[in-house]
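What follows is a short report on a single structure.
Derivation of every value follows stated rules applied to the coordinates shown; laboratory data play no part. Keep in mind the model is a prediction, meaning the values are calculated, not measured. Every residue, glycine as well, gets a Cβ built from its backbone with ideal geometry; the counts of neighbours run over all protein chains shown.
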Amino acid sequence: MIDLDPLWLTAKLAFITTLILLLMAIPLCYWLAYSRFRFKAVIEAIISLPLVLPPSVLGFYLLIAFSPENAFGKFLSDYFDLRLVFTFQGLILASVLYSLPFMVNPILSGLKNLPTTLQEASFTLGKSRFSTILKIILPNIRPSLLTGIIMTFAHTVGEFGVVLMVGGSIPKETKVVSIAIYEEVESMNYDNANVYAGILFVFSFSILLAVHLINNKRKTALY
Amino acid sequence: MLQTADGKLPLDVSFTIEKGQFLAIYGNSGTGKTTLLRILAGLTQAEKTHIEVANEVWDNSQNKIHLSVQNRSIGFVFQDYALFPNLTVKENLEFALQKNDNTQIVSELIELMELQSLQNSKPQNLSGGQKQRVALARAIVRKPKILLLDEPLSALDDEMRFKLQDYILKIHQKYQLTTVMITHSIPEIFKLSDKVIILDKGKILKEGTPSEVFSEEKISSKFKLTGEIISITKSDIIYIIQVFSGNNIIKVVATENEIKDFKIGQKVLVASKAFNPIIQVLS
């Protein structure tokens, strides 16, 4: 029988990462979509970097940065008593960085496709920026939000390289499903690896199916 | 500064509107009409501005006063209507209500603009004219001092246009609005406005009542029409050319010598001076 802890840990990691990213991405995307900041392209490039960067590269830099031997890690450990290497908290931070483009890109493209006059109309009707975002902008990019949430969740579940570098494989702390599969194979327990792999396979397929169903519905629903 | 096809152009205008007046702004595209309207609304900030409405300063670049869009008593109708797709017609109107507003105004406007049967529909299921009526009604919910209309009728066919002109006039009078409308249509200006400004390259070219402004070149003893030749027939010693213009067929007499220049399908200009039509080929 397989150990269920990695499954639970993976779900918890993906859920927390998605929640943090959703709350972060909405203001970030709003700013990127509407501001006239000159170096916006640079910011957008940095956000998309995890798409092309090998996960081990990102993981390596994070490992260095988080290490209590170095300034940033020492600062966190001295002032906040926070250790990010080989801990669940460290995994969350790494996942947030690694999955950032999967949340930002759909939301940003949703915002860019929304006519700017919708926001202006709301302003002329006396509504504040906050209430415009809440009542007009977000409801009208709901498919993009859903795509972002689903893709981020799925991508976090599928992480391997970053998790291995930053988290290692500590049971109940950083040993997620993808790592568990690797270890089962290493110790020749193909049956267990098969169960884990099967679960992830079915999960990933269902997620992609859901995204496509949502997107097809969007095409018929909007305008 | 205006960003136009010919590069940057300064927008330099100054005018006053009386309370309750209907002002039309007329001009070619790229002359700053929409920018002017957006500056009035506070949607675009200009370098040097002074806007005062009923003794209340909305914009004064010298004293760094810039009243936010939300705090200006305006109703704005956008060219693309900008109806909220996630809300029904009624909800679009209700969205404009402020905290302690009486909701009566929403049902009143729905009735006035004849939207009763559409009030639970989403905007994407409405026709252009219907969307326009909703946008107009929504802009009035706050009972603004000034109604700003950015070419509201340009996307509609003539019949719908005439009908909506009546709606605009009706609400302008009923709610005692001061209205500023951008338009390309001279008949519309005559029908709706008391005052017109012609903008050209960011400057006011002419300003006055519609008949003052358009008296010289547009309305005179002379009329001009453009159309297409649909037939040339011989009748005794003369020829009759039929020109299709707008929805009319105009018959023009020509001599044998003259018809050499004309072909069926050609774009022509028909002009008349003192009941003596002249017809010439458009280059």
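Shape descriptor for the protein assembly as shown: Rg over Rh equals 1.15 (Cα atoms; Rh from the Kirkwood inverse mean 1/r). Where only DSSP H runs of four or more residues are counted, chain A gives -25000 deg cm²/dmol as its mean residue ellipticity at 222 nm, each run worth -39500 (n - 2.57). Simple point charges give the picture: +1 on the Cβ of Lys and Arg, -1 on the Cβ of Asp and Glu, and for the protein assembly as shown a dipole about the Cα centre of about 1120 debye.
Computed from Cα atoms alone, the Kirkwood hydrodynamic radius reported for the stretch A:19-168 is 16.9 Å.
At a Cα cut-off below 14 Å, give the aspartates and glutamates reachable from B:Lys64, other chains included and same-chain residues fewer than 8 away excluded. Within the straight-line cut-off, B:Lys64 pairs with B:Glu47, B:Glu52. By the equivalent-ellipsoid construction on the alpha carbon gyration tensor, chain B comes out with semi-axes of 43, 25, 16 Å, ordered largest to smallest. Mind checking which of B:Thr226, B:Ile259, B:Val281 is farthest towards the positive end of the stretch B:222-281's charge dipole, using Cβ charges of +1 (Lys, Arg) and -1 (Asp, Glu) about the Cα centre? Positive-end residue among those listed: B:Thr226. Between B:Glu111 and B:Gln176, the FRET efficiency from the beta-carbon distance, with R0 = 25 Å, is close to 0.85. With the convex hull drawn over the C-alpha atoms of the stretch B:222-281, the volume per residue is 76 Å³. Prolate is the label for the stretch B:56-127, because a/c, from the alpha-carbon gyration tensor with a ≥ b ≥ c as root eigenvalues, is 1.5 or above and a/b exceeds b/c. Take every Cα pair under 8 Å whose residues are at least 6 apart in sequence, average their separation, divide by the length of chain A, and the relative contact order is 30 percent.
Within the stretch B:75-207, the percentage of alpha carbon pairs spaced more than 18 angstrom apart rounds to 54%. Taking amide H positions as modeled 1.01 Å from N, with prolines and chain starts lacking one, the residues under 5 Å from B:Val53 and 5 or more places away or on another chain are B:Trp58.
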